[in-house]
Amino acid sequence: MSEVLIVGGGIMGLWAALMAGRAGIETRLLERQNLGAGASGGLLGALMPHMPDRWGAKKQLQFDALVSLESEIAQIEDATGLSAGYRRSGRLMPLGKPHLREIALGHEQDAARHWIADGRRYFWHVHNADAACGWPVADAASFGLVHDTLAARVAPRSLLQALRAALDQFPLVRVEEGAEVSSIDPRRGRLMLTDGRALSFGYCILSAGVESFSFLDRLVATKAPSGSAVKGQAALLRADVDPSSPVIFTDGLYIVAHENGHVAIGSTSENHFEEPFSTDGQLDALIRRAEILVPALRAAPVIERWAGLRPKAAGRDPMVGRHPDHEKLFVLTGGFKVSFGIAHVLARFVIDDIAGRSTIDLPDSFRCAVQIAALR
């Protein structure tokens, strides 16, 4: 028996295991394939804040998470000697229409009010189109561009590797790959593996990405599924681009400069698809748009094409916390595009609850109980 069993070894599950290790809780993480085999093993790694307007609990939590992630990653890198590919690079958003500039100027004032942490300010600057902000951006910025200093990027696979290595410092934490869970019985505190093994637990954390929803839907009858899969496609290019360059975002297109001459481009958001893990013309179109926007990417070789399924909870926000019908079951999934920026905070919330303490004020819209109630 393990005090805590974590089902799923993506970004959420690994952070949960790390937080459990820090809390001195006996923990076993089960991953049906290899760590990061799902959406967490993608290419992009953009860590982007919400717009600074209409401030509330959800935006405050994400802001605090993006700020604190820097020190969390630094601690992991110091402990393991591995790089997570993290850099607070900022973000550029070209303004292609005049009304977008007016909106952006309003957001500049919003950021001045809200983007403050521990005496440090993060900025949302509106520049003229000819401003030099780290990228040779073409005509898309005819009405200027936004440059924010809060956004960052991480190399997803490098962070997963560093998290896995960090777990080695906690003897009470075990990781088992190739362990596929077939069923979970939270009332009895037991789960079954496809190889016939039965494992007992004090608490179970369900962090299996898209697969989490099928487990949840088998536990409780609701009017609609607890979540769905959204397909994303991305590409990795080799290009001579400064790795400190800001993330570019415009009209669903992300361009992220990484270390070692790599640039990631993404990502599609497909609610309907036939081939979940194959790339197609939609990715080709994204690459063409990136080449038009950033001339330095023209003729850059594509070294990897990636497709995967990201978990989107029915309530759209991440689904986190204790299940309303099963006190031994916790849920940690549904992050969709924001998981890498906030997973450490959500994992800490779950582990703190298991440990009988409360340090994080989670927005109601994130809570598993609230989302399940809305589906009934």
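Quick look at the values:
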| read-out | value |
| --- | --- |
| Residues (out of contact with any Ser or Thr (no Cβ under 9 Å at 6 or more places or on another chain) and either assigned to a helix (DSSP H, G or I) or not aromatic (Phe, Trp, Tyr) (or both)) located in the stretch 48-60 | Met48, Pro49, His50, Met51, Pro52, Asp53, Arg54, Gly56, Lys59, Gln60 |
| Search result, residues across the stretch 329-371 that are under 16 Å from Leu18 (Cβ atoms) and not in a helix (DSSP H, G or I) | Phe330, Leu332, Ala355, Thr359, Ile360 |
| Single residue of Gly24, Gly9, Gly36 found to be touching a Pro at 6+ places or on another chain (Cβ under 9 Å), assigned to a loop (DSSP other than H, G, I, E, B) and closer than 29 Å to Ser358 by Cα | Gly36 |
| Residue match in the stretch 64-71 (condition: touching a Ser or Thr at 6+ places or on another chain (Cβ under 6 Å) and either under 23 Å from Pro363 (Cα atoms) or at pLDDT 95 or above (or both)) | no |
| Failed item, numbered, when Ala264 is tested on (1) part of a loop (DSSP other than H, G, I, E, B); (2) not assigned by TED's automatic domain parsing to the domain that holds Leu329 | (1) |
| Residue check for Met51: among the hydrophobic types (A, V, I, L, M, F, W, C), surrounded by fewer than 19 Cβ atoms within 10 Å (Cβ to Cβ) and over 20 Å from Phe349 (Cα atoms) | yes |
| Which listed residue is touching a strand residue (DSSP E or B) at 6+ places or on another chain (Cβ under 6 Å) and in a helix (DSSP H, G or I), from His107, His99 | His107 |
| Test set (1) closer than 30 Å to Gln371 by Cα; (2) at pLDDT 95 or above; (3) touching a His at 6+ places or on another chain (Cβ under 8 Å) - Ser228 fails condition number | (3) |
| Test: Leu43 is buried (at least 24 other Cβ atoms within 10 Å of the Cβ) and in a loop (DSSP other than H, G, I, E, B) | yes |
| Tally of residues being surrounded by 15 or more Cβ atoms within 10 Å (Cβ to Cβ) and not polar (S, T, N, Q) across the stretch 193-207 | 7 |
| Total residues in the stretch 73-84, condition over 15 Å from the mean Cα position of the chain (by Cα) and either outside any helix (DSSP H, G or I) or in contact (Cβ under 8 Å) with a residue 40 or more places away in the chain (or both) | 7 |
| Complete set of residues in the stretch 265-278 that are surrounded by fewer than 23 Cβ atoms within 10 Å (Cβ to Cβ) and closer than 20 Å to Pro49 by Cβ | Ser269 |
| Residue in the stretch 242-264 that is surrounded by 15 or more Cβ atoms within 10 Å (Cβ to Cβ), without any contact (Cβ under 8 Å) to a residue 40 or more places away in the chain and in contact with a strand residue (DSSP E or B) (Cβ under 7 Å, 6 or more places away or on another chain) present | yes |
| Odd one out for Val220 among (1) in contact with a Ser or Thr (Cβ under 9 Å, 6 or more places away or on another chain); (2) modelled with pLDDT of 95 or more | (2) |
| Any pair with Cβ under 7 angstrom, 6 or more apart, that starts in the stretch 340-365 at a residue that is outside the structural domain of Ala20 (by TED's automatic domain parsing) and ends at one that is outside any helix (DSSP H, G or I) and charged (D, E, K, R) | none |
| Residue within the stretch 197-206 that is modelled with pLDDT of 95 or more, hydrophobic (A, V, I, L, M, F, W, C) and in contact with a helix residue (DSSP H, G or I) (Cβ under 7 Å, 6 or more places away or on another chain) present | yes |
| Matching entry among Leu92, Leu105 (being touching a residue at least 12 places away in the same chain (Cβ under 8 Å), over 30 Å from Leu329 (Cβ atoms), in contact with a Cys (Cβ under 6 Å, 6 or more places away or on another chain) and of a type outside the set (Gly, Ala, Ser)) | Leu92 |
| Qualifying position, being assigned to a strand (DSSP E or B) and charged (D, E, K, R), among Glu304, Glu275, Glu259, Glu291 | Glu304 |
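The values are calculated or read from the model by the stated rules, or taken from the named source; none is laboratory data. In this text the structure is predicted, and so the values were computed from the model without any measurement. Neighbour counts run over all protein chains shown; Cβ positions are idealised from the backbone, glycine included.
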